[in-house]
Amino acid sequence: MRFYGYLRASTKEQDATRAKTAISDFAESLNISITAFFTENETGTTLSRPELIRLLDICAPGDAIVIESIDRLTRLTDSDWQTLKSELADKRIRIIAIDVPTTHSLVDASDEITGAIMRLINNLIIDLMAIFARKDYELRKERQRQGVQKAKALGKYRGRPRNESRREKIGQLLLSTKPDGSSYSWTEIQQITGCSRGLIASVAKSQ
């Protein structure tokens, strides 16, 4: 049985490695070792997370994914959460979350019956926390929307300021060639600058 740490932050500006020490200390307290950490800056509202996909592919039956909290794994819609949960169940991948104490017992289930009971309990708790994580996301998005509407009504909304240095970098990459003479792909520009494809399209259109 191997234990993998999964670290996620929603944006490039956030530190996805913030919880690495907490997970390492937690693992040490349970006398287990983390085989590897998988870290990414991607929203928890999508299943299209490269490092999560790679982690699920590497995990063998009985392995465990260690996370700081359930919302680091999912802020998915119910449909997408069911898809992810089904994949975890099919591969018998265990979830151990620091903020869900009952999941810690999965490390050392005393017998088969106890293990089965704990899995049922944990599945229920994780399901509930996955719902709360999604609801929290939706609530924050709604509050942001209301704040924007209020600011617009008061004539105070200016939108997100343009990152001119990033736009300039994107523009340079669009016009540049690599050492082998080929052009930079949009995917490569995304990886270099941490921008969205929409921003690349906007810059390309303005050139």
- prompt: If you line up the long axis of helix 112-153 against the longest principal axis of the chain, both from Cα atoms, how many degrees apart are they, to the nearest 10?
  reply: 20
query: So how strong a dipole does the chain carry about its Cα centre when Lys and Arg Cβ are +1 and Asp and Glu Cβ are -1, to the nearest 20 debye?
result: 1500
message: Just to verify a number: FRET efficiency for R197 and D90, C-beta to C-beta distance, R0 = 35 Å, to 0.05?
response: 0.65
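Kindly state, to the nearest 0.05, the FRET efficiency for K169 paired with K20, given R0 = 25 Å and r defined as their beta-carbon distance.
On the way: r = 29 Å, r/R0 = 1.14.
Taking R0 as 25 Å, the efficiency between K169 and K20 is 0.30.
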query: Cα centroids of the range 117-133 and the range 181-202: how far apart, whole angstrom?
result: 39
- prompt: Of Y6, L55, L30, whose Cα points farthest to the positive end of the dipole of the range 1-121 (charges on the beta-carbon: +1 Lys, Arg; -1 Asp, Glu; origin at the Cα centre)?
  reply: L55
field: DSSP-defined beta bridges in the chain - what % are antiparallel, rounded to 5
entry: 5
message: Compute the helix-to-body angle for 197-206: its Cα long axis versus the longest principal axis of the chain, expressed 0 to 90° and rounded to tens.
response: 0
message: Taking all protein chains in place and a 1.4 Å probe, what share, in percent, of the accessible surface of the range 1-135 do carbon and sulfur account for?
response: 54
query: Counting Lys and Arg as +1 and Asp and Glu as -1, what is the net charge of the other residues whose Cβ lies under 12 Å from the Cβ of R75?
result: +1
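Report, to two decimal places, the Cα Rg of the range 1-134 normalised by 2.2 N^0.38 Å (N = number of residues).
Values: Rg = 13.9 Å, N = 134, 2.2 N^0.38 = 14.1 Å.
Compared with the compact-globule rule of thumb, the range 1-134 sits at 0.98.
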query: Which number do you get for Rg(Cα) / (2.2 N^0.38 Å) in the range 1-59?
result: 1.16
query: How large is the Kirkwood hydrodynamic radius of the range 121-207, in angstrom, based on all distinct alpha carbon pairs?
result: 16.6
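With only alpha-carbon atoms in the gyration tensor, what are the semi-axes of the equivalent ellipsoid for the range 50-207, in Å, largest first? Could the numbers behind the result be given before it?
Values: eigenvalues 346, 127, 24 Å².
Ellipsoid semi-axes (Å, largest first): 42, 25, 11.
The values are calculated or read from the model by the stated rules, or taken from the named source; none is laboratory data. These figures come from a predicted structure and were not determined experimentally. Please note: Cβ atoms are built from the backbone with ideal geometry, for glycine as well, and neighbour counts cover all protein chains shown. With ligands, DNA and RNA removed, areas are computed over all heavy atoms of the protein, side chains included. Shrake-Rupley method; radii C 1.70, N 1.55, O 1.52, S 1.80 Å.
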